[in-house]
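Visitor: One structure follows; several queries about it will come next.
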Amino acid sequence: MNTDFRYTDETFADIQLLRYRLNSFENLTLQQKKYIYFLSKATLFGRDITFDQFGAYNLRIRKVLETIYTDQTIDHTTEEFLQLETYLKRVWFSNGIYHHYGCNKFAPNFTEAFLLDCMTKVTATRLPLKEGQTVTELFEEIRQIIFNPEVQPKRVNKADGEDLVKTSACHFYEGVTQQEAEHFYDEKKKMSAADSEPLSFGLNSTLTKKNGQIAEDVWCMTGRYSKAISQIIYWLEKARTVAENDLQKDIIKLLIKYYEVGDLRYFNEYCKKWVSCLDGKVDFINGFIEVYGDPLGLKGSWEGLVEYVDEEATHRTTIISQNAQWFEDHSPVDPLFRKKQVKGISAKVICAAMLGGDEYPSTAIGINLPNADWIRAEYGSKSITISNITDAYDKAARGNGFREEFIIDKNTLELVNLYSDALDNLHTDLHECLGHGSGQLLPGTDPDALKAYGNTIEEARADLFGLYYVADEKLVELGLTPDAKAYHSQYYTYMMNGLITQLVRIERGHQIEEAHMRNRALIARWCLEHGDAMKLIKLNGKTYLEISDYPQLRHLIARLLAEIQRIKSEGDYEAARSLVEQYAIKVDPILHEEILRRYERLHIAPYKGFLNPRLQPIFDANGEIIDIEPYYGESYAEQMLRYSTEYGTLI
């Protein structure tokens, strides 16, 4: 193992790359290591799917840029080439030409003439030319997409009053309007209303319109993305041979069947078995999962994660999950919307071993699955907090001056420094373990009733649940917080982020687009407006958050949680729309400019992402694997080019 480990790596544009370490990987058995290795291969083969889902031209543009970048006949020292290199690195990071968080199209800082000149200099057969296509024709195909800011400007458009399908560049729909897509799936739901189990209609397909007929092009081994899915299946089969127990083998078998035919009934069966599998040290996520990338909240972006349990840290989440019924019973929401019996809540702290698709290079720090409300209600959910990712974030941020710049005074800074890391993890645990799994829909409520606002409302609901309980004396009683005032740290940093510091991730003149950012803004701005527990003040020309009454702030959080849960439970679209449009989107340009100037002086990249370790099998003389060793020395460009070569299936 490489002992010269550094958490931080290169920085470009608004991105800093970090590395995560596979803590205690060497203590795993050979069988567990091989299981992780084969699952990791299945994870990396989904990369091209995510690229294509995030934009119809992404794969072709990536191939063109990589061909130029690796061509030795082109001068690599000119300013335009260096700008093309930065653009390519952004494309790699975001799985396409749209910002991974804000969804806006990147502006290239090289010219059309330079790109065309480079394309004519490289060997034409290395370019992704269609049959009979010339280099000039390929250039014309991608020119407007790259350089014209008016052509497909956003990957996911959420602007109220617009056709969200037509104005979004994500590649989930072809030739259909928002109205047509919504009608198509509404009809499917009506036709299946009598079925015993709901299906996640639209989750694994592209909705197309050909010759006036609307149909689904299913993502499976015999449909769209077949080349990538065939490779995923191959490595899942290999993983199945070294799984830790029979239930894991059955889970993989169901997932393979789902990939083979694309039938969502198999996905339901897979989810039910997966959520019940609590034995074994190794687990994984692989498939079309989160719907944030679809403006209608239906289509699942492909993602992969391979993980193994962090035994020591899991003690915390075990305590939380064991007390899930207590938290549900004492929630400040209307009893009508609470679960009478909480089922199957399980939570672990894990180490990520491989990230893929929509979880790479930028990744979540906590995950709760499955997403289907009815499965959560009937079978429960599994939650994870990713300890080696949060550890990398914490170590990389030490001493960067961020807290000193934005926290109001020395006493609050000391409080945050003392408790923040632990309370951040605890809030994530509460959000994932309990928040997403709490509450219930009223009978007859469509889980997709909130439409484009559903993701923001759901994230707000889980965050509010965590915020409410992170301040509860029950956590002191359970030994999860050191004292009754430790929560002040979490309240301060959360509200400061929602009101002030997350603005560093928004470009000048833009509004808030991403669901998690909208959720934080909604909570903080609503609490600011509905009480006097906190306020924004000016000190020496700088804006700070001042919190004067933490108990009152908790009371406001309880009120908002109750309303958000009502909206979710009843499917109150208009109330969801009103909250999100009023509190979650707009940006004060004067405050925004101030915060950006202050942040720019710190020279910190606002976005972080990760390089994967390279898992290297060690073979004996007979070609049998005798060990797997993580290697941390691969550069960003080396890793991305290797992935395009080894795992490129769709271009």
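The values are calculated or read from the model by the stated rules, or taken from the named source; none is laboratory data. All values reported here derive from a predicted model rather than from experimental measurement. Quick reminder, even Gly has a Cβ in these numbers, built from the backbone with ideal geometry, and neighbours come from all protein chains shown. The protein model used for the area step is the full one, side chains on, heavy atoms only, and it has no ligands, DNA or RNA in it. Shrake-Rupley method; radii C 1.70, N 1.55, O 1.52, S 1.80 Å.
Visitor: In terms of the Cα gyration tensor, with a ≥ b ≥ c the square roots of its eigenvalues, is the range 238-351 rounded because a/c is under 1.5, prolate because a/b exceeds b/c, or oblate?
Guide: oblate
Visitor: May I have the pair-distance distribution P(r) for the range 1-152, computed from all Cα-Cα distances with 10 Å bins from 0 and rounded to whole percent?
Guide: Binned Cα distances yield the sequence 9, 32, 31, 18, 9, 1.
Visitor: Along the charge dipole of the range 299-350, Cβ charges K/R +1 and D/E -1, which of Thr317, Val306, Val333 sits furthest on the positive end?
Guide: Checked the options; the winner is Val333.
Visitor: Once ligands and nucleic acids are excluded and a 1.4 Å probe is used, how much of Cys271 is accessible, expressed in Å² to the nearest 10?
Guide: Its heavy atoms expose roughly 10 Å² to the probe.
Visitor: Then there is this: Compare the Cα positions of Phe619, Cys277, Pro630 along the charge dipole of the chain (+1 at Cβ of Lys, Arg; -1 at Cβ of Asp, Glu; about the Cα centre) and return the one farthest towards the positive end.
Guide: So the residue we want is Cys277.
Visitor: Let me check against my output: what whole-number percent is the relative contact order of the range 455-593, with C-alpha pairs under 8 Å and at least 6 apart?
Guide: 33 percent
Visitor: At a probe radius of 1.4 Å, what is the per-residue accessible area of Asp334, in Å² to the nearest 10?
Guide: 70 Å²
Visitor: Dipole of the chain (Lys/Arg Cβ +1, Asp/Glu Cβ -1, origin at the Cα centre): which of Leu88, Trp374, Asn400 lies farthest to the positive side?
Guide: Trp374
Visitor: Can you give the charge dipole size of the range 509-651 about its Cα centre, rounded to the nearest 20 debye, using +1 on the beta carbon of Lys and Arg and -1 on the beta carbon of Asp and Glu?
Guide: Here the range 509-651 has a charge dipole of around 780 debye.
Visitor: With no solvent and one equal point scatterer placed on each C-alpha of the range 342-434, evaluate the Debye formula and give log10 I(q)/I(0) for q = 0.17, 0.21, 0.25 Å⁻¹, two decimals.
Guide: Once normalised to I(0) and log-transformed, intensities are -0.85, -1.06, -1.25.
Visitor: Taking Cα pairs under 8 Å and at least six residues apart, what relative contact order does the chain come out at, in percent?
Guide: For the chain, the relative contact order is 18 percent.
Visitor: Leaving ligands, DNA and RNA out of it, report the carbon-plus-sulfur percent of the accessible area of the range 277-425 at a 1.4 Å probe.
Guide: 50 percent
Visitor: Still on this model: Count the net charge of all other residues whose Cβ sits under 9 Å from the Cβ of Leu413, scoring Lys and Arg as +1 and Asp and Glu as -1.
Guide: That sum, taken over residues with Cβ under 9 Å, equals -1.
Visitor: Once you order the gyration tensor axes a ≥ b ≥ c over the Cα atoms, which shape class does the range 544-600 get: rounded for a/c under 1.5, otherwise prolate or oblate by comparing a/b with b/c?
Guide: Oblate, since a/c reaches 1.5 and b/c is not below a/b.
Visitor: ³J(HN,Hα) across the range 51-60 via Karplus (A = 6.51, B = -1.76, C = 1.60, θ = phi - 60°), whole Hz, x for Gly/Pro?
Guide: 3J(HN,Hα) across the range 51-60, in whole Hz: 4, 5, 4, 7, x, 5, 9, 4, 5, 5.
Visitor: May I ask for the distance between the Cα centers of the range 522-557 and the range 227-244, given as a whole number of Å?
Guide: 51 Å
Visitor: Another question about this same structure. When the dipole is taken about the Cα centre of the chain, and only Lys, Arg (+1) and Asp, Glu (-1) are charged at their Cβ, what size is it in debye, to the nearest 20?
Guide: Roughly 220 debye, rounded to the nearest 20.
Visitor: Another question about this same structure. Which order do the peptides 203-215, 316-328 come out in when sorted by mean C-beta neighbours inside 10 angstrom, highest first?
Guide: The densest-packed peptide leads the list: 316-328, 203-215.
Visitor: My understanding is that a pair violates if its Cα-Cα distance is over 26 Å; which of Lys238/Lys272; Lys348/Lys410; Lys249/Lys348; Lys41/Lys348; Lys41/Lys257; Lys41/Lys209 do that in this structure?
Guide: Lys348/Lys410; Lys41/Lys209
Visitor: With the cut-off at 1.5 for a/c, could you classify the chain from its C-alpha gyration tensor as rounded, prolate or oblate?
Guide: Verdict is rounded for the chain.
Visitor: Cross-link candidates for Lys299: which lysines have Cα within less than 16 Å, leaving aside residues fewer than 8 places away along the same chain?
Guide: Excluding near neighbours in sequence, the set is Lys158, Lys166, Lys188, Lys189, Lys451.
Visitor: If I compute solvent accessible area with a 1.4 Å probe over the protein chains, what percent of it on the range 101-214 is carbon and sulfur?
Guide: The C+S portion of the solvent-accessible surface of the range 101-214 is 49 percent.
Visitor: Could you work out the local net charge near Val309, counting Lys and Arg as +1, Asp and Glu as -1, over the other residues with Cβ closer than 10 Å to its Cβ?
Guide: Residues close to Val309 contribute a combined charge of -3.
Visitor: Still on this structure: Per residue, how much accessible area does the range 508-584 have with a 1.4 Å probe, in Å²?
Guide: About 42 Å² of surface per residue is accessible.
Visitor: Going by Cα centres, the range 157-211 and the range 323-389 are how many Å apart?
Guide: Rounded to whole Å, the Cα centres lie 26 Å apart.
Visitor: Can you give the relative contact order of the range 170-329 as a percent, counting alpha carbon pairs under 8 Å and 6+ residues apart?
Guide: Reported as a whole number, the value is 18 percent.
Visitor: About its Cα centre, how strong a charge dipole does the range 155-232 have in debye, to the nearest 20, once Lys and Arg get +1 and Asp and Glu get -1 at the Cβ?
Guide: 320 debye
Visitor: Filter the trypsin sites (Lys or Arg not before Pro) in the range 106-205 down to the DSSP loop ones having no more than 10 other Cβ atoms within 10 Å, then list what survives.
Guide: Counting only loop positions with at most 10 other Cβ atoms within 10 Å, the trypsin sites (Lys or Arg not before Pro) in the range 106-205 are Lys130.
Visitor: How many angstrom lie between the Cα centre of the range 453-483 and the Cα centre of the range 36-58?
Guide: Cα centres, the range 453-483 to the range 36-58: 33 Å.
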